[in-house]
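Each remark here refers to the structure printed beneath this line.
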Amino acid sequence: MDTGIGLFVLTMGLVSRRSRNWSDIRRCALRSTLPLIVLGFVRIGYNRMLKFEQDEHEYGRDMNAFFTLGITKFFGSLLSLVARTDAHLFPLACGLLLTHQFCLSFGYLSRIVMEHYFPRTTLLFANREGIFSLPGFFAIYLLSICFSRWLVRNTLLSYQEMLRKLRDLLLISLSSWLLMAAAHYLVGVARVTCNLGYVIWMCAISFTMITLTVFICDFCIDSVMSDTLISTSTSNLHGVKARKEKRFHIHDTPTGVELSKDLLVQGEQRRVIDPICAIAVSEKLLLVACESGVINEYSVANVSLRNRHTIHTKIHKIAINCNSTRAAIIDNLGVMTLLDLDDNRETQLNFSRVERKDVWAVSWAKDNPLLLALMEKTRMYIFRGNDPEEPISCSGYICTFEDLEITSVLLDDIISCGELQNSSHLIQLRVKSLRDTDDLLEHVGLEDAKQFIEDNPHPRLWRLLAESALKQLELETAENAFVRCANYPGIKLIKRLRNISSQILQKAEIAAFYGEFDEAEKLYMDADRRDLAIDLRMTLCDWFRVVHLYRMGGAGVSDQQMETAWREIGHHFANLKSWESAKEYYEKSHYLEGSIESLYHLEQFDELVTFVDKLSEKSPLLTKLAEMLVSVGMCSEAVQAYLKFGDPKAAVNACVNLRQWGQAVELAQRYQMPEVNVLLSKHAAQLLNEGRLPEAIELQRKAGKHLDAARLLCKLAEQEVEKRAPLLRIKKIYILAALLAEDHLKSLATPQLDYAIDRNRLLDEISLEDAACIERIWHCAEGYHYMLLAQRQLRFGIMHSAVITSLRLRDYDDVLPVEDIYSLLALASCADRSFDTCSRAFMKLESLESLPEKMQQEYEELAVSIFSKNEPEDHKVDTVACYSCAAHVPDNLPSCMECGARFPGCVSSGKPITQPTSNIWICSTCHHCASPMEITRHRTCPLCHSPIALIK
């Protein structure tokens, strides 16, 4: 808890930046500070509405963590406005922190915050812990901003830079821990004042965690492991052993093996006389051009030099066709030539036949090695072999050339407008053969078009012929065209069409084949074949249209068909994560699994629980429903689903996973599953071995083992005593343990033995060890209660009552330190001028063997200084009548000196109660008593703080 607020402030600074102007301050106030302040007021309202007592020694009476965060964010941003650069934040934060520590160490600020006797009368003093710690939090905020700016100053780091960054982080972390040790020795560590030691402690924790995170995530995973994974995954992807890459010099003549050099070996650096200026690669060849005009031709398979070509100009760009038989070359003057790469003929340059000037872009067709598109100024030429077609006016950059269509992009227009706004910047251009085929099919006929395609064969042209023939129902011509373009689905369509006698249905099948589904549906409906139209829409998963067609059919549609359509529509919306619509259609289709899934994603868990009753026993959906309920923590409902399915073991496992040990033990006893108790014991032992005592206590409490939980709470109280924790905290722990012990007694009550009436008989029924444990817990709680009560009475000047309460503390010397008891008794009796009692207290202190000799001597000197001026006799002695023998007994004695009757102590005033039992007030929770007059000042029991009814 002490580190929580400090780490929150430091994290807030790590994700913030220095304020540079007043607009940043306004933005900070509205977006960050205001929500936190609102949350602070909401917390105050809820605390007062629930009557929750806030510990005033953390932030004060009204302050809380939200106010601290909000004020720190605003004033920290305001202070950062003073710094001109991020580096100035460090001296600013250090100056603020040292000033704050100076005020704490040499001023009265530390005493004002830490001393309890300063009254909380004004707003400042009522919230002094939260207000006076703010300068320290301001320093944390400024230091974290400065650190984050240094950390992210360079985001792209080389390996050596990353090592240097890690070294610096490690030095900063170690320095922070050394400074923290020095500050702890000099000024201590205090979260309440947020002093120098606390600020350095928070910085040390954060810097250490950031160093570990950078080392593990950025260095180990990203830098080291990623390189290893990449190098191994590329080879394992193809199932072959990893091979090292090779490198070759442009002036070597590799044959595939002997002249290759290992890439990882640092060989002799050779000077390059003729540097590379262009490169092109295909599936078979690699062409590398040098500035002198030499073109090396390598085979890709084994990187061997196949040939060298020479031209007398510097090459700008090379492009290879799809079958690696030709290459188009553009030199630095814009002259394009074709280079023949066919192995069957002697390599030569065809300068005389193909040579174009002012060329700036070329692209070979991906499916035809003879087709080449090139840009010459603002005209596009398409070559078929060595013969060009008519130019097309175009200024776009060639993107792709495939299927007799060229896609070009108007990059100049895109750059001028800044973005690709619409498809008008993409141009689709068709070659002449494709345009001619369209004209022949549209205006001449199938035979002439077929003859033209046979002269200029291409799969795209045959597909056009097949489509045109199908629409004219020329099945023979269409089948021939499908065979020529190797379109197997088209051949199957022809076979299916020959089995259909109706031409309307044939046209509908053709329309569906070419994606004209609305036209196909219209043809089916015209042919009075609504069933085929429904089958078409089902194939397309267009279930909305299926429902529409069902409704058009009238009464011929079954409920099962409609439910199937509704269910598929529900699946459609579920895939789109539109769970509201999915739920609607699942309910229409009575599809319970889909409805459960929709309700789960809509987080409508109350309605989801109703399906436990709707589902039949042994339904497989009960298991799925139970898993959903477990995932959201609805244990009881999940158990009900598991039990209805007939799986009590799964129900117990659900309770164990959700830490509902009480219900798990109950189910285990009902279904005779003793392994749950074993699991509970093992888990509790594991928590104790790990030092997680509070979690073990909560585990035993939820499992219904209240007395075991009470024993663990006593261990926790003993640990707090060793830590010298505040007495109020120790008392609260013992009270909580005692209340758990009372819950144990309540669980043992029977109709014959009522807890409210027969509590003592219940104590007699249990074992002596358990009964002694319960009494011991209440005994410890009483001791710390009376110690606090005596100190409170002494502080408020009720001296005689403080003496009486201190005398009662002598019965608790097995719980409280004896020195503390008699020191308090001596102080109270001296203030009350009961010097006889004071003398007896000093005699006891001087005789304590556990005290060092120096301390005993100091007590002796103090006693001499007191009793040299005062006689050892009590000046104020009041008596009360014994309720048993009516003898007069001093009011500070816990029992009657005549009859030996013992007087119980009043938990409100500490005085002995000498009245009969019928005239005193007894708490129904802790069963301790108080004087009726005293208890009227309280709304809760002074010991256990349970609500009480006011006595009139």
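When only alpha carbons are used to place a centre, region 27-89 and region 887-913 end up 52 Å from one another. At a Förster distance of 56 Å, what's the computed FRET efficiency of residue 428 paired with residue 175, Cβ-Cβ distance as r, to 0.05? After rounding, the FRET efficiency stands at 0.25. Taking amide H atoms as placed 1.01 Å from N in the peptide plane, the amide H of residue 313 has no partner under 5 Å among residues 5 or more positions away or on other chains.
Label separation (residue 927 vs residue 81): 6.6 nm, computed from points 7 Å beyond Cα along the C-beta direction.
Under 5 Å between amide hydrogens, built in the peptide plane, is the criterion, and for residue 376 it picks out 381 among residues at least 5 positions away or on other chains. Placing +1 on the Cβ of every Lys and Arg and -1 on the Cβ of every Asp and Glu, with nothing else charged, gives region 276-430 a dipole about its Cα centre of roughly 380 debye.
Whenever you get a sec, compute what percent of the accessible area on region 803-868 sits on carbon and sulfur atoms (1.4 Å probe). Can you show the working numbers first?
On the way: 1620 of 3320 Å².
C and S fraction of accessible area: 49 percent.
How compact is region 877-951 by the rule of thumb for globular proteins, expressed as Cα Rg over 2.2 N^0.38 Å?
Working: Rg = 12.8 Å, N = 75, 2.2 N^0.38 = 11.3 Å.
That works out to 1.13 for region 877-951.
Between residue 757 and residue 617, the contour length at 0.36 nm per residue exceeds the Cα-Cα span by 45.8 nm.
The alpha carbons of region 596-678 occupy a box of 39, 24, 14 Å along the principal axes, longest dimension given first.
Here's the picture: charge each Lys and Arg Cβ at +1 and each Asp and Glu Cβ at -1 in the chain, and of 494, 639, 830 the one pushed furthest to the positive end of that dipole is 830.
Pairs 246/284; 682/702; 588/649: which are spaced more than 24 Å apart, C-alpha to C-alpha? Among 246/284; 682/702; 588/649, the Cα-Cα distance tops 24 Å for 588/649. Taking the C-alpha atoms only, the angle from helix 706-722 to the longest principal axis of the chain is near 80 degrees. For region 276-430, the share of alpha carbon pairs falling in successive 10 Å distance bins from zero is 11, 39, 33, 14, 3, 0 percent.
For region 811-952, taking the reciprocal of the average inverse distance between every pair of different Cα atoms yields a Kirkwood hydrodynamic radius of 17.4 Å. Using only the alpha-carbon atoms, how far is helix 89-106 inclined from the longest principal axis of the chain? Give it as 0 to 90 degrees, nearest 10. Taking Cα atoms only, the helix is inclined about 10 degrees. Size of the chain from its Cα atoms: along the principal axes, largest to smallest, the extents are 140, 85, 57 Å. As a fraction of the 1.4 Å probe accessible area of region 584-633, surface on carbon and sulfur atoms comes out at 48 percent.
With Cα atoms defining each centre, region 563-624 and region 769-835 are spaced 66 Å apart in the structure.
For residue 723 and residue 90, what is the calculated FRET efficiency with R₀ set at 51 Å and r taken between the beta-carbons, to the nearest 0.05?
0.90
Between 0 and 90 degrees, the angle of helix 134-151 with respect to the longest Cα principal axis of the chain falls at about 20 degrees.
Would you mind working out the magnitude of the charge dipole of the chain relative to its Cα centre, with +1 at each Lys and Arg C-beta and -1 at each Asp and Glu C-beta, to the nearest 20 Debye? With only Lys, Arg, Asp and Glu charged at Cβ, the dipole is about 1880 debye. Applying 1/(1 + (r/R0)^6) with R0 = 25 Å to the Cβ-Cβ distance of residue 34 and residue 103 gives a FRET efficiency near 0.25. When the solvent-accessible area of region 3-220 is split by element, carbon and sulfur atoms take up 70 percent of it, the probe being 1.4 Å.
With viscosity set to 0.890 mPa s at 25 °C, what whole-number translational diffusion coefficient in µm²/s follows for region 402-557 from Stokes-Einstein and a Kirkwood radius over Cα pairs? Don't jump to the answer; show the numbers that get you there.
Values: Rh = 18.3 Å.
For these conditions, the coefficient is 134 µm²/s.
Extension gain, residue 870 to residue 766: 0.36 nm times the residue separation minus the Cα-Cα distance gives 32.1 nm.
Ignoring chymotrypsin sites (Phe, Trp or Tyr not before Pro) that are buried or in helix or strand per DSSP, and keeping those with at most 11 other beta carbon atoms within 10 Å, what is the longest stretch of the chain between them?
Details: sites that count: 52, 108, 117, 351, 796.
Formally, the longest exposed-site-free interval is 352-795.
When the Debye formula is applied to the Cα atoms of region 3-220, each taken as the same point scatterer, what base-10 log of I(q)/I(0) results at q = 0.10, 0.12 Å⁻¹? After summing over all Cα pairs, the log10 values are -0.49, -0.69. Taking 0.36 nm per residue of sequence separation and removing the Cα-Cα distance, the residue 820/residue 3 pair yields an extension gain of 290.9 nm.
Run the Debye formula on the Cα coordinates of region 757-894, all scatterers equal and no solvent, and tell me log10 I(q)/I(0) at q = 0.11, 0.17 1/Å. At q = 0.11, 0.17 Å⁻¹ the computed log10 ratios are -0.51, -0.98.
Taking the average, over residues, of other Cβ atoms within 10 Å as the packing measure, peptides 335-341, 759-765 rank 335-341, 759-765 from highest down. Surface analysis of the chain yields an accessible area of 56 Å² per residue, using protein heavy atoms and a 1.4 Å probe.
The values are calculated or read from the model by the stated rules, or taken from the named source; none is laboratory data. Not measured: the values here are computed from a predicted model. Note that we place each Cβ from the backbone using ideal geometry, even for glycine, and neighbour counts take in every protein chain shown. The area values use the complete protein model at the heavy-atom level, side chains included, leaving out ligands, DNA and RNA. Shrake-Rupley method; radii C 1.70, N 1.55, O 1.52, S 1.80 Å.
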